[in-house]
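The values are calculated or read from the model by the stated rules, or taken from the named source; none is laboratory data. Owing to the predicted nature of the structure, the values given are computational and were not obtained by experimental measurement. Every residue, glycine as well, gets a Cβ built from its backbone with ideal geometry; the counts of neighbours run over all protein chains shown. Remember, those area values only see protein heavy atoms, side chains included, never the ligands or the DNA or RNA. Shrake-Rupley method; radii C 1.70, N 1.55, O 1.52, S 1.80 Å.
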Amino acid sequence: MFYICRNCTTPLNLVSSPKESYLCKVCDQSYPIVNSIPILLKNPNSFLAKTIINNENLIRQQNNIISQLGKNADSDSSRSEILKKIKNGLSGNLELIKIQQNI
């Protein structure tokens, strides 16, 4: 399988230094590979930066929700068990987001 440059339509070359990516030898555009997926967009670095910022915002929101669920579970004994289960599920999802962001 081969990929072409989004800027000039030249076939891309796989390079492994310093990080594995696809490189256009004509216009020098580099396309990073993240989790074995090439990011073949006109501006891949901008896309990745926005994704990281969105993930950081999501992490912040999830931390706030998890904190509030913990407080609600402590103060409402009738719903404590279900709130703790929701809190644990969100905590697990949050850990997966953090792992994905660090790859």
What accessible area per residue, rounded to a whole number of Å², is obtained for the chain using a probe radius of 1.4 Å? 72
Give the angle, between 0 and 90 degrees and rounded to the nearest 10, that separates the Cα long axis of helix 80-102 from the longest principal axis of the Cα atoms of the chain. 20
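To two decimal places, what compactness ratio does the range 18-73 give when its Cα radius of gyration is scaled by 2.2 N^0.38 Å? Kindly include the intermediate steps, with their values, before the conclusion.
Details: Rg = 17.5 Å, N = 56, 2.2 N^0.38 = 10.2 Å.
Dividing the Cα Rg of the range 18-73 by 2.2 N^0.38 Å gives 1.72.
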Would you please state which residues of the range 84-103 a label at Q62 would reach in this model, taking the label point 7 Å out along Cα→Cβ and a backbone N cut-off of under 15 Å? 86-103
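Note down the net charge around K50, summing +1 for each Lys or Arg and -1 for each Asp or Glu among other residues with Cβ under 15 Å from its Cβ.
Numbers: positive: K42; negative: E56.
Here the charged neighbours net out to 0.
Between Rg and the Kirkwood Rh of the chain, both from Cα atoms, what is the Rg to Rh ratio?
Values: Rg = 20.6 Å, Rh = 16.5 Å.
With Rh from the inverse mean 1/r over Cα pairs, Rg/Rh is 1.25.
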Using a 1.4 Å probe on the protein chains only, how many percent of the accessible area of the chain belongs to carbon and sulfur? 53
Work out the count of Lys pairs in the chain where the Cα-Cα distance is under 24 Å, with the pair 8 or more places apart or on different chains. 13
